[in-house]
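As structure tokens, the structure follows; a few thoughts come after it.
The values are calculated or read from the model by the stated rules, or taken from the named source; none is laboratory data. What you see is a predicted model; the values in this text were computed from it and never measured. To get the accessible areas, we keep the full protein, side chains included, count just its heavy atoms, and leave off ligands, DNA and RNA. Shrake-Rupley method; radii C 1.70, N 1.55, O 1.52, S 1.80 Å.
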Amino acid sequence: MKKGLVVDREAKYIGVYIDGKVYTGIPRKKVLKKTKIYAGDYVLGKIIDNENFAIEQIENRKNLLIRPKVANVDKALILQTLKMPPFDDFLLDNLLVIYDYFQVEPVIVFNKIDLLNEEENKELTDIENLYKNAGYQVYKVSTKTGEGIDKLKKSLEGDIIITAGPSGTGKSSLVSKILNIDLETGDVSKKTERGRHTTTGIKLFKFGENSFIADTPGFSSVDASLFMDKKEIKNHFREFLRYSCKFSDCTHTKEPGCKVKEAVEKGEISPKRYENYLKILEKAK
Ligand SMILES: Nc1nc2c(ncn2[C@@H]2O[C@H](COP(=O)(O)OP(=O)(O)OP(=O)(O)O)[C@@H](O)[C@H]2O)c(=O)[nH]1
Ligand SMILES: [Zn+2]
């Protein structure tokens, strides 16, 4: 059997990518009895002719994200800006928790570095170091000047990727840049996509040797506690995992012998990150 990747999902249409070509996927009845088919699904089946591919089987998914509905996502590019719009650390920390929970590697991307003066550059370096020390990948780019794009792109080889982050941070601009498509032409811009179709189709666009990136809508707020049990949240602040508290089920709030709280006091853990952790817990009540 041949293996393909679902790269286009729109109403009844299933586009399956196999060796550089997209076929129309036709699922066997037995397949649809078991599950729906999503963008990002790895499918097994037979090439029927030049255009059609019979889907016999769907591989087990590593994950399935809800918004957008994409399966098997390896990485989430979390777009942020220091300004325009202003950096929102609470939103970022929520997203870091959510993607970690779904086993999607979060990659923090600060865009629009062309707008920064010396002082702001220093401020961004501090934030960069904070998140790197906490255990996350951080890239700084400008989709306007192209700075940092190649380095980011190289790090994405072989992955299924989505973008996330507030409106106006440059998600569309980044996707266009990664795909080497001029934004002005609007070829893959989700805005044109949406204009054309009324439904919310999902497409994965291929770049490099074997990488795929989805066209993702923006949002202004997200709440980690809606996705998981309150007790789970502490497991997705990566820097907390380096410490063993007196109680193994320590929530790092009021317990004696809490090594996480000690680390905050010693300056090993960022007070801002800890504060955001408490804020997420508070919301979960
Ligand atoms: N100065 C500067 N402006 C940028 C950069 N990247 C994007 N922009 C601008 O920022 C604005 C928002 O960019 P988009 O790519 O539409 O942002 P988005 O995150 O896709 O926004 P939504 O579709 O609302 O989610 C546009 O006016 C872009 O031209 C950059 O690196 N530098
Ligand atoms: Zn603790």
Surface per residue (accessible, 1.4 Å probe) for region 20-93, Å²: 51
Rounded if a/c is under 1.5, else prolate if a/b is larger than b/c, else oblate: which is the chain, with a ≥ b ≥ c the root eigenvalues of its Cα gyration tensor? oblate
Sorted list, accessible surface of protein heavy atoms, 1.4 Å probe, largest first, for SER173, SER167 is SER167, SER173
Roll a 1.4 Å probe over the protein heavy atoms and report the accessible area of MET1 in Å², nearest 10. 140
Restricting to DSSP H runs of at least four residues, report the calculated mean residue ellipticity at 222 nm for the chain, -39500 (n - 2.57) per run over all residues, nearest 500 deg cm²/dmol. -8000 deg cm²/dmol
Pairs over 29 Å Cα to Cα, from LYS177/LYS279; LYS33/LYS62; LYS261/LYS285, come to LYS177/LYS279
Heads up, I need the accessible area for GLU118: 1.4 angstrom probe, whole protein in place, Å², nearest 10. 140
Tell me the carbon and sulfur percent of the accessible area for the chain, rounded to whole percent, probe radius 1.4 Å. 49
Using θ = phi - 60° and Karplus 6.51 cos²θ - 1.76 cosθ + 1.60, couplings along region 133-141 (whole Hz; Gly, Pro as x): 5, 6, x, 10, 7, 10, 10, 10, 9
For GLU128 the rounded accessible area (nearest 10 Å², probe 1.4 Å, non-protein molecules ignored) is 20
How would ASP41, ASP249 line up by accessible area, probe 1.4 Å, largest first? ASP249, ASP41
